[in-house]
Structure formats: C-alpha cells, structure tokens
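The values are calculated or read from the model by the stated rules, or taken from the named source; none is laboratory data. All values reported here derive from a predicted model rather than from experimental measurement. Cβ placement follows ideal geometry from the backbone for every residue including glycine, while neighbour counts extend to all protein chains displayed.
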Amino acid sequence: MAVDKEYFDKLAQTVIDGDNEECVRLIEDGLDKGVDPIEAIEKGLGKGITKVGNDFGEGAVFLPELIMAADVMKQGAAILDEKIKALGSKRKSLGKIVIGTIKGDIHDIGKSVVASVLQANGYDVVDIGIDVEIETFIKAVKENNADCLGMSTLLTLPLQVMGEVIDKMKEEGLRDRVKVIVGGCPVTEEFADEIGADAVGFDAADAVKKVGVLLGN
Ligand code: B1M
C-alpha cells in the first residue's frame, strides 16, 4: 500500500463510516510504511471528522453518527499521538505550556492534537483536559510555572470565557510573564485581539509557529 492521497482518503473514510477496526489497521499499516503521524491526523482523520461535522451541521447526519465518528477519530489519534510524542521526547524543553478546553466545552480532539504536536516540537506540555474552570487554568499556570497558556474551544457560546481567564490572569499578576494563545474553529484574529490574547493558532502547525514567536524560539 502506497502512502499517498488515496491512503489519507481511505483513512478519512473510516472516520466517516465509523469503522474503528479498519481505521486501526490502516494506521498501523501506514506507520509501518513511514507515514508522518501528524499528516495522518490532519489529512486523514481530521478530514473525515470535518466532513461528518459539516454533515451534522446541515442535518444530514445525527448525533449518534457524530459520536461514532468522533470515537473512531479519538482512538486513531491516540495511536498516532504516541508516535508524535516520541518524536519530541529526547529534546531539551523550549518552554512550558499549560493547555485546556474552556469551561462549557467538552471537545477534546483538536486540543489534544495541538498538545501532542507542541510536545513533539520540544515543548513541555501540561494538558489539563476539557471543560476547564477559570480557577483551574489559573492554578495550573501557577503550579507549573508556565511560560504560556493555551486555551481551546470549538463552541461559540462559551467563547467569552477565554477573555474571563485572561482578566483573571491580570488580577493575579500573571499576565506580564505568561503568554496566551487561543484556538479552535470559532476563534478569529479579531476575537483574540478583543480579549487581549497574544496569538491565535489556526491548526497545530500554526500553534507551534506562533508559540515559537511568543517564547522567542
Ligand atoms: Co461537536 N460541535 N458538539 N462534538 N463537533 C462542532 C464543534 C460543531 C461545529 C458541529 C456542527 O454543528 N457543524 C458544533 C459547534 C457549533 C458552534 O458552537 N458554532 C458542535 C456542537 C453544536 C456540539 C454539541 C453542542 C452537540 C449537541 O450536543 N447538540 C456538543 C457539545 C457539548 C459541549 O461541549 N458542551 C458536541 C459534541 C461533540 C461530540 C462529543 C460528539 C464530539 C467531540 C468528541 C471529543 O472531542 N472527544 C464532537 C465533534 C467530533 C465535533 C466536530 C464534528 C469535529 C471536532 C473535531 O474533533 N475536529 C465539530 C465540527 C467541525 O469541527 N467540523 C463539532 C478535528 C480536530 C482535529 O480539529 O477540533 O478544529 P479541531 O482542532 C484544530 C483547530 O481548530 C486548531 O488546531 C486543531 C488541529 O488542527 N485548534 C487550536 C484547536 N484548538 C486549538 C488551540 C490552539 C491552537 C489551535 O492553541 C491553544
């Protein structure tokens, strides 16, 4: 099996079909043939879940199919994550980043992909999970003496919570020394400016680039 566009399309299709077995088989096959795990997530699994998400938005598929597709994506991404993390494990840390999905939002996959890719690129990443309370972000930044805070959301409704976390960082005297990057599909440059974030990441590679600039790497 050649690792080409056809391979990534097949991988995307396993997510669309909710076919976990075939997904794992293709990933293992791909890794044996030297496929880049980040590409497998972005060009394969990510394409599949985006298609299902768009169909869900248009009412062409329903929540059970979305959940099935997300489960396949998550299990596939977990195998690929291990490989991605291993790529960064032997490097000197370029800085410490706390990352989480904001309160009100349980979307996990994109935030975890960003966390793994940052780690693979030499950052020390503390992933504090999903539906994270404002106070929990503050506590994690302090306890880990983080250089940067990353916040993710895919939902429009709780977006403003990102601004509330930044306000709380100011109150606690953290904002001068801790950079902030935000991301997720509803987050725009304008919104990031409005709430006083330092940068917005549009995908995992962009997040690595922007964090690099913020931390002077
Ligand atoms: Co949800 N969901 N979902 N969902 N879901 C969306 C986001 C939605 C756009 C679907 C749609 O309607 N078309 C819509 C949001 C609408 C809106 O608010 N504007 C939506 C909805 C409505 C919901 C529920 C409310 C549905 C319901 O219950 N009625 C509910 C939310 C409940 C809650 O959170 N309180 C819900 C639930 C779920 C599932 C549980 C079924 C599942 C999540 C499973 C999981 O994460 N464990 C799910 C999924 C899978 C999606 C879609 C289909 C895909 C998200 C995903 O994983 N993408 C999504 C539609 C879509 O995005 N097309 C959708 C793949 C991932 C690799 O990409 O997450 O975008 P993404 O991350 C990217 C970039 O955004 C960026 O880099 C990542 C890697 O490239 N990025 C960052 C992300 N965070 C970053 C942080 C950074 C930098 C970059 O710096 C810190």
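Before we move on, is Asp36 within 21 Å of Lys10 (Cβ to Cβ), surrounded by fewer than 20 Cβ atoms within 10 Å (Cβ to Cβ), without any contact (Cβ under 8 Å) to a residue 24 or more places away in the chain and not hydroxyl-bearing (Ser, Thr, Tyr)? Can you show your working first?
Values: within 21 Å of Lys10 (Cβ to Cβ): yes; surrounded by fewer than 20 Cβ atoms within 10 Å (Cβ to Cβ): yes; without any contact (Cβ under 8 Å) to a residue 24 or more places away in the chain: yes; not hydroxyl-bearing (Ser, Thr, Tyr): yes.
In short, yes.
Looking at region 141-169, which of its residues are closer than 25 Å to Asn217 by Cβ and over 21 Å from the mean Cα position of the chain (by Cα)?
Here is the first cut: in region 141-169, the residues closer than 25 Å to Asn217 by Cβ are 141-152, 162, 165-166, 169.
If the condition is that a residue be closer than 25 Å to Asn217 by Cβ and over 21 Å from the mean Cα position of the chain (by Cα), then Lys142, Glu143, Asn145, Met169 are the ones that fit.
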Number of positions in region 178-197 that are away from the ligand (no atom under 11 Å from the Cβ) and without any contact (Cβ under 8 Å) to a residue 24 or more places away in the chain: 4
In region 63-111, residues that are more than 10 Å from the ligand (Cβ to nearest atom), modelled with pLDDT of 90 or more and assigned to a loop (DSSP other than H, G, I, E, B) total 2
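For (1) more than 6 Å from the ligand (Cβ to nearest atom); (2) within 22 Å of Leu66 (Cβ to Cβ), each residue gets a yes or a no:
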position	(1), (2)
Ala120	yes, no
Asp131	yes, yes
Lys139	yes, no
Met151	no, no
Between residues in region 62-86 that are surrounded by fewer than 20 Cβ atoms within 10 Å (Cβ to Cβ) and residues that are among the aromatic types (Phe, Trp, Tyr) and part of a helix (DSSP H, G or I), which pairs lie under 7 Å by C-beta distance while being six or more apart or on different chains? Leu66/Phe56
Could you check, for region 39-54, whether at least one of its residues is crowded, with 17+ Cβ neighbours inside 10 Å, modelled with pLDDT of 90 or more and not in a helix (DSSP H, G or I)? no
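Could you check region 208-217 and list, in sequence order, the residues that are within 16 Å of the chain's Cα centre (by Cα) and either modelled with pLDDT under 95 or away from the ligand (no atom under 13 Å from the Cβ) (or both)?
Taking region 208-217 as the starting set, the residues that turn out to be within 16 Å of the chain's Cα centre (by Cα) are 208-211.
Correct list: Val208 only.
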Could you count how many residues in region 39-61 are of a type in the set (S, T, N, Q) and either touching a helix residue (DSSP H, G or I) at 6+ places or on another chain (Cβ under 7 Å) or touching a residue at least 60 places away in the same chain (Cβ under 8 Å) (or both)? 0
List every residue pair whose Cβ atoms sit under 6 Å apart, with the two residues 6 or more apart in sequence or on different chains, where the first one lies in region 147-160 and is closer than 24 Å to Gly212 by Cβ and in contact (Cβ under 8 Å) with a residue 60 or more places away in the chain and the second, anywhere, is in a loop (DSSP other than H, G, I, E, B) and more than 8 Å from the ligand (Cβ to nearest atom). Asp147/Gly95; Asp147/Leu215
